[in-house]
1. For a paramagnetic label modelled at 7 Å from the Cα of Gln94 toward its Cβ, which residues of segment 185-208 fall within the zone defined by backbone nitrogen distances under 13 Å?
2. What distance in nm separates the two pseudo spin-label positions at Asp120 and Asp70, each 7 Å out from Cα along the beta-carbon direction?
3. By what distance, in whole Å, do the Cα atoms of the chain stretch along each of the three principal axes, largest value first?
4. Of all DSSP beta bridges located in the chain, what percent are antiparallel, nearest 5?
5. Run the quick spin-label model on Asp80 and Leu33: label points 7 Å from Cα toward the beta carbon, then report their separation in nm to one decimal.
6. Placing +1 at every Lys and Arg Cβ and -1 at every Asp and Glu Cβ, with all other atoms neutral, what dipole size does the chain have around its Cα centre, in debye to the nearest 20?
7. For segment 13-116, what is the convex hull (Cα atoms) projected area averaged across all directions, in square nanometres?
8. Show the residues, 5+ positions off or on another chain, whose built amide H is closer than 5 Å to the amide H of Ile14.
Amino acid sequence: MYKAVVFDFDGTIIDTEKHLFEIINKHLTHHQLAPISLEFYRSHIGGHARGLHNYLEEALGLENKQNIYDEHNNTSHELDIIDTVYTLMKYLKQHHIPMAIATSSYREEILPTFNALRLDEFIDVIVGREDVEAVKPNPELYLTAVQRLNYSPAHCLAIEDSVNGATAAMNAGLDVIVNTNEMTVEQDFSNISYIGRDMSFNEIITCFFEKDKE
């Protein structure tokens, strides 16, 4: 049994990836600009997304680009926690297994959603972009999270939705489950040594938390 679980945030706990994609294109259309493609957006999921940020800033200007992310951050709390993750979090809490979030987003930007969804009932540690020198696929976010949980990476499980995130977790020494969403399902995970993919709550519990009790 794992002693702690570290979750990615965007696209893993709530489906913010589709939400942001739709908001970006709404703003681009409002400014009479062509929407970005799914392919372009998907190529920037799970890391610093510098190419996406640069494109939006060049197309819209800094203030209008920031308006996109402000709307995204201020409305993400309207999304539901993904069922598998919510059920897993309740199970982990009941079994006194600590949880963390390791996100390439700034911690202060996800906090409004984090607080609105009352994730503080489950999550013990949040590590964000401001806490590290390099974000995913660099492993530093995960290494920092497990250090703050006071466990070795080998005793921790990561839940991720993207190649960049799964790479970060794997290179930090964590086992990783890849649960994709509409925006990440087509990514190439062939270089990721994941222990499970697109698993239900029951599959995760049976395979990785209850098997030692049999």
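1. Under 13 Å, as judged by backbone N against the label point of Gln94, lie 202, 205-206 of segment 185-208.
2. Those two pseudo-labels are separated by 2.5 nm.
3. 60, 36, 31
4. On the way: 1 of 18 bridges.
Just about 5 percent of them are antiparallel.
5. The two pseudo-label positions are separated by 3.4 nm.
6. So the magnitude is around 420 debye.
7. Convex hull of Cα atoms, orientation-averaged projection: 7.2 nm².
8. Ile82
The values are calculated or read from the model by the stated rules, or taken from the named source; none is laboratory data. This is a predicted model, so every value here is computed, not measured. When we count neighbours, we look across all protein chains shown, and the Cβ atoms used for this are built from the backbone with ideal geometry, even at glycine. To get the accessible areas, we keep the full protein, side chains included, count just its heavy atoms, and leave off ligands, DNA and RNA. Shrake-Rupley method; radii C 1.70, N 1.55, O 1.52, S 1.80 Å.
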